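**Q** I'd like to ask you about the structure that follows.
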Amino acid sequence: MSAEILVLVEHRDGAVLDTTHELLGRARTLAAASGGEAVAVLLGSGAAGLAAGLGAARAIVVDDPGLESFSPSAYQAALVPLVRERQPVIVLISNSGPGMDVAAGLSAALDLPLAAYATDVTMDAQGPLVSSQLYAGKIEAKVRFSGGRGIVTVIAGSFSGDSTAAGGSPAVEVVGAAATDERIRFVGLIRPAAGDVDITRESVLVSVGRGIGEQDNLELVEALAAALGGAVSSSRPIADLGWLPRTRQVGKSGLKVKPKAYLALGISGAPEHLEGMRGAELIIAVNSDPRAPIFSVAHYGAVADLLDVVPALTARLGG
């Protein structure tokens, strides 16, 4: 077993995603604690140029036309021999849709334990220690791997921004991919239609969840957003009900946002939602449940009924 910390690089449209830089920052910290190295694993076709600036000691690039677009079976086929040969202490993967697909298959194929929905990973004399969320963040479990090594999928934004994208360009090793199951193939990426508001560009977002109660109460939230010079967004349940369009949904199955201020009103704070808004500079939460997971990431919070707070705040702002 080596002391390497492997990080699966997630990229889209020719750019490495922020979550990868977060993982690489933590991988460097873990490698320093274990006397090992942070190694980036980049899968793709002609994507070797993305290795520049990854901030890892080394980068392994698996270059193959079959990896041009994401496919769980193709990614797994490329990763299994690498992980089996290198025997890293930890494989860090983003807790995204593609990441969870890959991690689950990799865990089964290699008989390695998987800790999902992780919010922290540290290293001590006993090996890796992982903090994971259970039951939509209502329980935090601290786990260790019985064999001393395993796979971890990390919720976006779990590591501080100052640990991202640091370091120079790693030495690059290019390898070929293993044969994949051609019965599964990528057909195309369906992008959501553009909405009336691009919430990824807004500096202030007033986001609403189940606590709004009924659709007519959205008018209160819209008035507050107008008074703040921002826009209204939502958690998934509101979009599922059709009260707001999908283009306003924040979270893993919606959009990732990084506003200067994010007001979470009546949102419990499930991991899928937190993944989309942890990068906000200021998070203010209002929820009637004092144990709501949203308070664990909020800079300021109020245990109150949003239907009482929102009109009062709007009036205070002169709205």
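The values are calculated or read from the model by the stated rules, or taken from the named source; none is laboratory data. Every value quoted in this text rests on a predicted model; they were computed, and no experiment measured them. Cβ: placed from backbone, ideal geometry, glycine included. Neighbour counts: every protein chain shown.
**Q** Would you be able to say whether some residue in region 211-232 is under 26 Å from GLN133 (Cβ atoms) and polar (S, T, N, Q)?
**A** No, every residue in region 211-232 fails to be under 26 Å from GLN133 (Cβ atoms) and polar (S, T, N, Q).
**Q** Can you find, within region 131-153, the residue that is modelled with the lowest pLDDT among those that are more than 14 Å from ILE5 (Cα to Cα), within 16 Å of the chain's Cα centre (by Cα) and buried (at least 19 other Cβ atoms within 10 Å of the Cβ)?
**A** GLY137
**Q** Something else: Could you check, for region 26-47, whether at least one of its residues is touching a residue at least 60 places away in the same chain (Cβ under 8 Å), surrounded by 19 or more Cβ atoms within 10 Å (Cβ to Cβ), within 22 Å of GLY127 (Cβ to Cβ) and touching a Phe, Trp or Tyr at 6+ places or on another chain (Cβ under 9 Å)?
**A** Yes, some residue in region 26-47 is touching a residue at least 60 places away in the same chain (Cβ under 8 Å), surrounded by 19 or more Cβ atoms within 10 Å (Cβ to Cβ), within 22 Å of GLY127 (Cβ to Cβ) and touching a Phe, Trp or Tyr at 6+ places or on another chain (Cβ under 9 Å).
**Q** Report yes if some residue within region 259-272 is assigned to a strand (DSSP E or B), in contact (Cβ under 8 Å) with a residue 40 or more places away in the chain and surrounded by fewer than 24 Cβ atoms within 10 Å (Cβ to Cβ); otherwise report no.
**A** Within region 259-272, the subset assigned to a strand (DSSP E or B) is 261-265.
Narrowing further to those that are in contact (Cβ under 8 Å) with a residue 40 or more places away in the chain: 261-265.
If we keep only those that are surrounded by fewer than 24 Cβ atoms within 10 Å (Cβ to Cβ) as well, we get 261.
Checked against the condition, which is being assigned to a strand (DSSP E or B), in contact (Cβ under 8 Å) with a residue 40 or more places away in the chain and surrounded by fewer than 24 Cβ atoms within 10 Å (Cβ to Cβ), region 259-272 yields at least one hit.
**Q** Let me ask you something else. Looking at VAL208, is it under 21 Å from GLN133 (Cα atoms), of a type in the set (A, V, I, L, M, F, W, C), surrounded by 21 or more Cβ atoms within 10 Å (Cβ to Cβ) and touching a residue at least 40 places away in the same chain (Cβ under 8 Å)?
**A** On the way: under 21 Å from GLN133 (Cα atoms): no; of a type in the set (A, V, I, L, M, F, W, C): yes; surrounded by 21 or more Cβ atoms within 10 Å (Cβ to Cβ): yes; touching a residue at least 40 places away in the same chain (Cβ under 8 Å): yes.
It is false that VAL208 is under 21 Å from GLN133 (Cα atoms), of a type in the set (A, V, I, L, M, F, W, C), surrounded by 21 or more Cβ atoms within 10 Å (Cβ to Cβ) and touching a residue at least 40 places away in the same chain (Cβ under 8 Å).
**Q** Shifting gears a bit: The conditions are (1) without any contact (Cβ under 8 Å) to a residue 12 or more places away in the chain; (2) in a helix (DSSP H, G or I); (3) closer than 30 Å to SER96 by Cβ, and ASP216 fails exactly one of them. Which is it?
**A** (3)
**Q** In addition: Run down ALA285, ALA239, ALA280 and say which single residue is surrounded by 14 or more Cβ atoms within 10 Å (Cβ to Cβ), of a type outside the set (Phe, Trp, Tyr) and part of a strand (DSSP E or B).
**A** Values: ALA239 fails: part of a strand (DSSP E or B); ALA280 fails: part of a strand (DSSP E or B).
Of the residues listed, the single one that is surrounded by 14 or more Cβ atoms within 10 Å (Cβ to Cβ), of a type outside the set (Phe, Trp, Tyr) and part of a strand (DSSP E or B) is ALA285.
**Q** Next question, about the same structure. I'd like the full set of residues that are under 17 Å from ARG149 (Cα atoms) and in contact with a strand residue (DSSP E or B) (Cβ under 6 Å, 6 or more places away or on another chain), limited to region 1-22. Lay out the reasoning, then the answer.
**A** Kept after step one, since they are under 17 Å from ARG149 (Cα atoms), are these residues of region 1-22: 1-8.
Within region 1-22, GLU4, ILE5, LEU6, VAL7, LEU8 meet the criteria.
**Q** Any residue at all in region 244-256 that is free of Cβ contacts under 8 Å to residues at least 24 places away in the same chain, at negative phi and part of a loop (DSSP other than H, G, I, E, B)?
**A** yes
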